[in-house]
Each structure stands twice: as C-alpha cells, then as structure tokens.
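> Pasting in a structure now, in structure tokens, and then I'll have a few things to ask.
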Amino acid sequence: IPLIEPYKENMYQLTLTVPNVKGEDLEETIKKLFKSFARLIEYLKGKEKIRGLDFEYWGYKGAIRSLEITYKKIKRGRGFSYEYHPHLHALIVLEGDLGERLYKNPYSKDYLGNRAVRKFNKEELLIQKIWRLLNDGKRVTLKNIESLDIGYSCQLDRFRESDFIELFKYMTKATSEDDKGMEYIQFKTLYYALLNKRQIQGYGCFFGLKDDEEITAQEVEEYYNSIIEELRQKENPVEMLESPQDLTKDEEYTLISRKKVYQYLKKNK
C-alpha cells in the first residue's frame, strides 16, 4: 500500500465481470480474462489503437489487477449444478477528466433488478462493450462497439480506502453467507483452474509489483529436486515404510517437503 499511495488522487476501482461459467470452462475463462485485461491496458496506454477512438485524455498511468472467483451450488430439478463467477478487481490510475454519470442501462439496477441505483459515464459504457468483445473473441473496432446494445457489466469508481480489501483479499469465496462449506467438486475445480495462476499483477507505474505468491510452483519444484539429487549423491538412500507423521517425531531424520522449500525460498529470496 505505501507504494500505491502516491497515486491516490487519481486512483479508480475498476470491476470487470463476465457471465457465470460451469466448472469445465473455468480455467479457459480465467485465461481469457487475463488476456483481455492485458489488451484493454494496451488500448488505454495507446500502444494499440481503435480507429475513431481516443484514449489519450483518460491519462492512463498504470494498474493492478486482482482475480476473484465466487461460486455457488444451484438446485435444478432433482439434482444440482455448480456455477463459478470469475471477475477482476483493478486499481487503475487515470489522470484525465472523465465524463459525468448521465447514462442508464440494465446494469444500473440493483441485484434484485428492482430499482436503478447508478448511472454510468461514457467511459464506463465504452469499457463494458470493449470488455465484451475481447472476452467473446471478437474484433475490437468502432463499428463492432457501436453494434452492441450492451456490453458486460463493468464499473469504474473513485478508489476508496476500503477498496484495498477488494483488491488484496482472498481469491475465492462462496456466494451466500449461509454456505455450508466448499464441496469436493468445487475444491477440485478451483484447484486445477487456479493452479499456477497469478492472482495479482501490476502494469505501467505498478509493473513489477509482487504479491505474496511471487515464488512460483516451478521454482519450488526445481529447488526441491536439486536438494533431493544432492542428497542422493552424498548419501546412500534407504526406502522407509514409516509415515511422514512418524518420521517427524524421530529426531534422527530431517523432513524435506515442498512446503518447507517454499517457506525457505520466501524467507531468503
């Protein structure tokens, strides 16, 4: 946070969503989210152009994006289905003057769809449509943007102190407060979909900003294997049938695990 605060006068919270997906589509959807966000940033900083649109006045300087996935179990007839809602929270620095909130669309209503609770400015409406084209794999042109009646739900608000919680919190959570816990099928889906995925990534003035998971699984595996190989060369390994729990109680042995390697690398890197 101390590295971010110098930009606080021009910080916005950008929330980017896509429709819910089934478990088998979750990993591919996450990949699309990351790729689409990187493309969106390219437009904002002017490296990629959309003929007929000018992003220079937005005054983009940098961003930090964070992945979050909510999940829920839905009763369908005699059985159940499982849905996942991957979305991005982003802190984005924009030094330009954005338009007034004058426009309504279906995303203006509250979650129950009963009443209008917000208006959007033209920049938000543009992001909504670009975001939809990117995630649907369509060309981002002015013609395609104008042909859309509506994009995907995206909101851009002035960054508040409480928004740091949204940016740096846990990666997954259940949708409902009274959820009884994660089921095995949900755990398995989330585990494989999120394996080796970076939750937090910096761009522009925040490029290189590291999260707590800066040590990758590959680094841990390589270092772990190097330790084992070194021990094999120095020692005469003997196969043991004791459980790891029993071995840890015996002071004659030193436990070497990937978890301990990770803790060592994190402390000494």
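> Would you please report the Å³ per residue occupied by the convex hull of the alpha carbon atoms in the chain?
Normalising the Cα hull of the chain by residue number yields 206 Å³.
> Taking the Kirkwood radius as the inverse of the mean 1/r across Cα pairs, report the Rg/Rh of segment 1-50.
That ratio equals 1.10.
> To continue, here is another question. Can you list the HN-Hα couplings for segment 197-202, worked out from phi with the Karplus curve (6.51, -1.76, 1.60; θ = phi - 60°), rounded to whole Hz and with x for Gly and Pro?
Whole-Hz 3J(HN,Hα) from phi for segment 197-202: 8, 7, 5, 10, 9, x.
> Ignoring ligands, DNA and RNA, please state the percent of accessible area on segment 1-133 from carbon and sulfur, probe 1.4 Å.
Accessible surface attributable to carbon and sulfur in segment 1-133 totals 48 percent.
> Counting only chymotrypsin sites (Phe, Trp or Tyr not before Pro) that sit in a DSSP loop (anything but H, G, I, E, B) with at most 11 other Cβ atoms within 10 Å, what is the longest stretch of the chain containing none of them?
Result for the longest clean stretch: 1-110.
> Shifting gears a bit: In square angstrom, rounded to the nearest 10, how much accessible surface does Asp136 have for a 1.4 Å probe?
60 Å²
> If you don't mind, another one. List the residues whose amide H sits under 5 Å from the amide H of Tyr60, counting only those 5 or more places along or on another chain, with H placed 1.01 Å from N in the peptide plane.
So Tyr60 has HN proximity to Glu95.
> Within the set of other residues whose C-beta is less than 12 Å from the C-beta of Gly62, count the net charge using Lys and Arg as +1 and Asp and Glu as -1. Mind showing how you got there, number by number?
On the way: positive: Lys45, Lys61, Arg65; negative: Glu95.
With Lys, Arg at +1 and Asp, Glu at -1, the net is +2.
> For the chain, what does the accessible surface come to per residue with a 1.4 Å probe? Please give it in Å².
So the chain comes to 66 Å² accessible per residue, rounded to a whole number.
> Right, something else. Report ³J(HN,Hα) in whole Hz for each residue of segment 96-110, in order, from the Karplus equation J = 6.51 cos²θ - 1.76 cosθ + 1.60 where θ = phi - 60°; Gly and Pro get x.
x, 9, 8, x, 6, 7, 10, 10, 10, 8, x, 6, 6, 7, 6
> In addition: Helix-only estimate, please: 222 nm mean residue ellipticity of the chain, summing -39500 (n - 2.57) across DSSP H runs of length 4 or more and dividing by its residues, to the nearest 500.
Roughly -10500 deg cm²/dmol at 222 nm, from the helical runs in the chain.
> Amide H to amide H under 5 Å from Thr172: which residues, 5+ apart in sequence or cross-chain, H placed 1.01 Å off N in plane?
Ile69
> List, in order, the whole-Hz ³J(HN,Hα) value for each residue of segment 223-228 obtained from phi through the Karplus relation with A = 6.51, B = -1.76, C = 1.60 and θ = phi - 60°; use x for Gly and Pro.
For segment 223-228, the Karplus-derived couplings read 5, 4, 5, 5, 5, 4 Hz, x marking Gly and Pro.
> Turning to a different aspect of this structure: Probe radius 1.4 Å, ligands and nucleic acids left out: which of Arg78, Arg118, Arg132 has the largest accessible area, and how do the rest follow? Can you show the working numbers first?
Values: Arg78 240, Arg118 40, Arg132 70 Å².
Ranked list, largest accessible area first: Arg78, Arg132, Arg118.
> Can you list residues whose amide H is under 5 Å from Lys109's amide H, if they're 5+ apart or on another chain and H is modeled 1.01 Å from N?
Val117
> About the Cα centre of the chain, what is the dipole size in debye to 20, counting +1 per Lys and Arg Cβ and -1 per Asp and Glu Cβ, all else neutral?
1380 debye
> Under a Cβ-only charge scheme (Lys and Arg +1, Asp and Glu -1), can you give me the dipole magnitude of segment 1-85 about the Cα centre, in debye to the nearest 20?
Numbers: 17 positive and 12 negative charges, 81 e Å.
The dipole magnitude comes to about 380 debye.
> Suppose we flag GluC sites (Glu not before Pro) only when DSSP calls them loop and at most 12 other Cβ atoms lie within 10 Å. Which is the longest uninterrupted stretch of the chain? Let's see the in-between values first.
Numbers: sites that count: Glu95, Glu100, Glu161, Glu177, Glu235, Glu239, Glu242, Glu251, Glu252.
Between the exposed loop sites, the longest stretch runs 1-94.
The values are calculated or read from the model by the stated rules, or taken from the named source; none is laboratory data. Worth saying up front: this structure is predicted, and the values here are computed from it rather than measured. Every residue, glycine among them, receives a Cβ derived from its backbone with ideal geometry; neighbour counts consider all protein chains shown. We work out accessible area using only protein heavy atoms, side chains counted, and drop any ligands, DNA or RNA first. Shrake-Rupley method; radii C 1.70, N 1.55, O 1.52, S 1.80 Å.
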